[in-house]
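Following: one structure in structure tokens, then a few remarks.
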Amino acid sequence: MVTGFSAIITTALSFVNKYWILISILAATFGASWYLANEILVKPRDFLIEQQRIEIAGLKEKVQDQDLVIEKIDYNNRSRLLPNLSIKIINPKNGDKVSVSTIIRGTFLGELQKEWYMWVIINPRTVPGLWWPQAKRIEPMNEQWSVQAWVVDTSFFHINKEFDIAIVLVNKTDDQYYSDYMKKGVDTGEYPGILLPDSAIIMDMVTVTKK
């Protein structure tokens, strides 16, 4: 049995020795084919997938930027409904760093029509679309106005986060809505973010950073 096994080994070695060059050529060809297939088929496919991923990410950023532009244009257009009225935020200024408790000040030029009311609202950029009404309805005096605001979001970490501060006009119904919101907050200690009311007209807005 040992003799038979040895004969098989001898025959196999003889075959390998006889056809070594052919075997080497086949192995090299197979290796080259695998390399070419990887270079021609796999790598270009991976490259295309990565390019598509980058393009999709770029499109998402463009859509987000476009949404912000459309949103700002809409605010500007709505404020033009009141051409004889100018309400501006003068403190803080766009890009300022502010404390948690901040006095918002502004100017008021013109005449406010009946059943329109002024409020300051704040949107943490961490929760897009949700706004927090501040303190109480604003009553301008001598072409000036001010209100104390709290620049915080829903987390415990506010430092270096961005916040939009807006001065808005709302109708009688939404003025009552904001007033009820503040009263309920005093009673419960809870002040959830809320959507911008349909009647709201953003007259001015600045973006600040919590220091």
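Read-outs: derived from the displayed coordinates by stated rules, not from any lab. The shown structure was predicted, so the numbers you read here are calculated from the model rather than taken from an experiment. Cβ sites come from the backbone with ideal geometry, for glycine too, and all protein chains shown count toward neighbours.
Computed from the Cβ-Cβ distance with R0 of 45 Å, the FRET efficiency linking Thr126 to Asn84 stands at 0.75.
Near Asp96, the amide H atoms lying under 5 Å from its own belong to Thr209; only residues 5 or more places off or on other chains count, and H is placed 1.01 Å from N. Going 7 Å from the Cα of Asn171 toward and past its Cβ, which residues in the stretch 117-143 have a backbone nitrogen under 19 Å from where you end up? 117-119, by backbone N distance to the label point.
With a simple spin-label model that places each label point 7 Å from the Cα along the Cα-to-Cβ direction, the separation between Arg105 and Ser179 comes to 2.8 nm. By the count of other C-beta atoms within 10 Å, a proxy for reagent exposure, Val186, Val170, Val152, Val206 are ordered fewest to most as Val186, Val152, Val206, Val170. Scalar couplings 3J(HN,Hα) for the stretch 201-211, obtained by applying the Karplus form with A = 6.51, B = -1.76, C = 1.60 to θ = phi - 60°, are 10, 7, 8, 7, 8, 10, 10, 10, 10, 6, 8 Hz; x denotes Gly and Pro.
Sort Glu115, Glu190, Glu162 so that the residue with the fewest other Cβ atoms within 10 Å of its own Cβ comes first and the one with the most comes last. Before the final figure, lay out each step's value.
Working: Glu115 11, Glu190 7, Glu162 14.
Ranked by crowding around the Cβ, least crowded first: Glu190, Glu115, Glu162.
Extension gain for Val186-Met141 works out to 13.6 nm (0.36 nm per residue, less the C-alpha to C-alpha distance). Note on Ser199, Ser86: ascending count of other Cβ atoms within 10 Å places them as Ser86, Ser199, the fewest first. Beta-bridge orientation, the stretch 84-210: approximately 95 percent antiparallel, per DSSP, counting only bridges with both partners inside.
Under 5 Å between amide hydrogens, built in the peptide plane, is the criterion, and for Ala149 it picks out Thr102, Ile103, Ile104 among residues at least 5 positions away or on other chains.
Between Met205 and Trp150, the distance separating the two model label sites (each 7 Å from Cα on the Cα→Cβ line) works out to 2.3 nm.
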